[in-house]
Protein chains: 2
Amino acid sequence: MTRPKIYLFGDSITEDSFSPGGWGASLAHHFARTADVVLRGYSGYNTRWALKVLERVFPASQVGDGGTVTAPIAVTVFFGANDACLPDRCSAFQHVPLHEYKRNLHSIVSFFKKRWPTTLVLLITPPPIDEELRCRHPYVENPQGLSERTNEAAGEYARACIAVAGECGIPVVDLWNKMQHRKKDYLSDGLHLTESGNDVVFEEVIKKLRDEGLSQESIPVDLPLIADIDPNDPLKAFLE
Amino acid sequence: MTRPKIYLFGDSITEDSFSPGGWGASLAHHFARTADVVLRGYSGYNTRWALKVLERVFPASQVGDGGTVTAPIAVTVFFGANDACLPDRCSAFQHVPLHEYKRNLHSIVSFFKKRWPTTLVLLITPPPIDEELRCRHPYVENPQGLSERTNEAAGEYARACIAVAGECGIPVVDLWNKMQHRKKDYLSDGLHLTESGNDVVFEEVIKKLRDEGLSQESIPVDLPLIADIDPNDPLKAFLE
């Protein structure tokens, strides 16, 4: 039996998604008996760097449990928060210009579509930025004392991400908009997610997966559930 | 690149290990850049049922990303809480006699040792039982009003599990003892784990893995960490 896989590909908001209350862990819990949620999060990465490592993160000869090549059922692509670092502030080395971000996202989607034509590719926009909170938590030295990201710039990248999804005909979670009016609830340091922020991502992702026909109900359970085991003859459930 | 895998094989305490603050999610978070933590938890299962499904859960032709057969670096085996259900109480259909539990655990360990000679097999004993809490949370109808499990019986199964580990020369986490004196803190319903209980399992598991040479430091990081990327020439880090 090959258990279906869902890959989470992205930056620190993906890498941290198995921290307590994290959206990745919630997905793994949700699909505990139906699908494996596989973490491929890379803190600090932008789409330019993601493109450089794509072949190494997702090798061509990906082979499943049964010895056959298996495509994951879904992959989330969640980049943009680092691309959107401003080019004249303290995290400039992570900045990727908007037009390149768009082109890179297209390349990432094409890579997956070519490798795994049946796999659902789900884009997630960068979250909004709370600049006031953000100034207090720079990743690098910040002599200017200015936020290395702005909410406005993140919004431009979010809109570009949505445009790419439209051009590719794939679904997208518009996190920037979804979180815009409760930034202090959803963002712990002005960028990364609180538990409530993680809940939003989890709920939005399962909603999009469900819209595309992927849900707890549609994916077969791997082995008998305890509720389906006859207390008077438990072993009957395990006949092959 | 094939990312090393750690399998978690067990009953509901494993299946639930990706709930908020769960020990499985904490392991996945801890090894976010080094190893995949793969959930194979089956609520309600005892060792007798586990043996029936072993071949299906871990197919012979397990093949890695590179197309070669790859063994996981570790597998946790965490059964006994259901085997220890009393034979004359409301969850009797899950009960497995002590001598059979011991034999079954031996068979499970042998299966892994034969399939993957280099893989670390780590046993975890059943946790203690808080009978008072447990009576209030029966899984099935409970006309007797008595706990379907007792702390004393769970302790016998824990000692059997420790004996099997000794006989096989493999490590074991003695959860029953570790949690004995703070049962109300560690058990939410007299059997399953609270967040503090999950922390204990996580800490004990990483300690045992570390003792056997498996740690964040010993497993190679898959791709450059942000701290290792030169801000003046980021792409240098991605030359293959």
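The values are calculated or read from the model by the stated rules, or taken from the named source; none is laboratory data. Note that the structure is a prediction, hence the values are computed from the model and not measured. Positions of Cβ are generated from backbone atoms using ideal geometry, with glycine treated the same way; all protein chains shown enter the neighbour counts.
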Any idea how many residues of segment A:1-30 are out of contact with any Phe, Trp or Tyr (no Cβ under 9 Å at 6 or more places or on another chain) and polar (S, T, N, Q)?
2
Anything in segment B:186-231 that is under 19 Å from the mean Cα position of the chain (by Cα) and hydroxyl-bearing (Ser, Thr, Tyr)? List them, or say none.
B:Tyr186, B:Ser188, B:Thr194, B:Ser196, B:Ser215
Residues satisfying the stated conditions in segment A:156-193, i.e. under 17 Å from A:Leu133 (Cα atoms) and free of Cβ contacts under 8 Å to residues at least 60 places away in the same chain
A:Trp176, A:Met179, A:Gln180, A:His181, A:Arg182, A:Lys183, A:Lys184, A:Asp185, A:Tyr186, A:Ser188, A:Asp189
Of the residues that make up segment A:169-187, is at least one within 11 Å of chain B (Cβ to nearest Cβ) and in contact with a Ser or Thr (Cβ under 8 Å, 6 or more places away or on another chain)?
no
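Results for (1) in contact with a Pro (Cβ under 7 Å, 6 or more places away or on another chain); (2) over 16 Å from A:Val201 (Cβ atoms), shown as yes or no for each residue.
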site: A:Ser107; (1), (2): no, yes
site: A:Leu123; (1), (2): no, no
site: A:Arg134; (1), (2): no, yes
site: A:Thr150; (1), (2): no, yes
site: A:Pro171; (1), (2): no, no
site: A:Lys183; (1), (2): yes, no
Reported set for segment B:17-33 where residues are of a type in the set (Gly, Ala, Ser), crowded, with 24+ Cβ neighbours inside 10 Å and under 14 Å from A:His30 (Cβ atoms) is B:Ser17, B:Gly22, B:Gly24, B:Ala25
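Results for (1) in contact with a strand residue (DSSP E or B) (Cβ under 6 Å, 6 or more places away or on another chain); (2) facing chain B (nearest Cβ under 8 Å); (3) of a type in the set (Ser, Thr, Tyr), shown as yes or no for each residue.
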position: A:Tyr7; (1), (2), (3): yes, no, yes
position: A:Gly10; (1), (2), (3): yes, no, no
position: A:Asp16; (1), (2), (3): no, yes, no
position: A:Gly22; (1), (2), (3): no, yes, no
position: A:Leu27; (1), (2), (3): yes, no, no
position: A:Val38; (1), (2), (3): yes, yes, no
position: A:Tyr45; (1), (2), (3): no, yes, yes
position: A:Ala50; (1), (2), (3): no, no, no
Residue pairs meeting the criteria (Cβ under 9 Å; at least 6 apart or on separate chains; first without any contact (Cβ under 8 Å) to a residue 24 or more places away in the chain, in segment A:94-108; second hydroxyl-bearing (Ser, Thr, Tyr) and surrounded by 15 or more Cβ atoms within 10 Å (Cβ to Cβ)):
A:Arg103/A:Thr47
May I ask you to verify whether B:Thr76 is out of contact with any His (no Cβ under 6 Å at 6 or more places or on another chain), β-branched (Val, Ile, Thr) and surrounded by 20 or more Cβ atoms within 10 Å (Cβ to Cβ)?
yes
Which of the residues belonging to segment B:131-163 are touching a strand residue (DSSP E or B) at 6+ places or on another chain (Cβ under 7 Å) and surrounded by fewer than 21 Cβ atoms within 10 Å (Cβ to Cβ)?
B:Leu133, B:Ile162
Given the residues A:Leu146, A:Leu51, A:Leu86, which is the only one that is modelled with pLDDT of 95 or more and either within 29 Å of A:Ala28 (Cα to Cα) or among the hydrophobic types (A, V, I, L, M, F, W, C) (or both)?
A:Leu51
For A:Leu123, work out the one condition from (1) assigned to a loop (DSSP other than H, G, I, E, B); (2) within 15 Å of the chain's Cα centre (by Cα); (3) not basic (Lys, Arg) it doesn't fulfil.
(1)
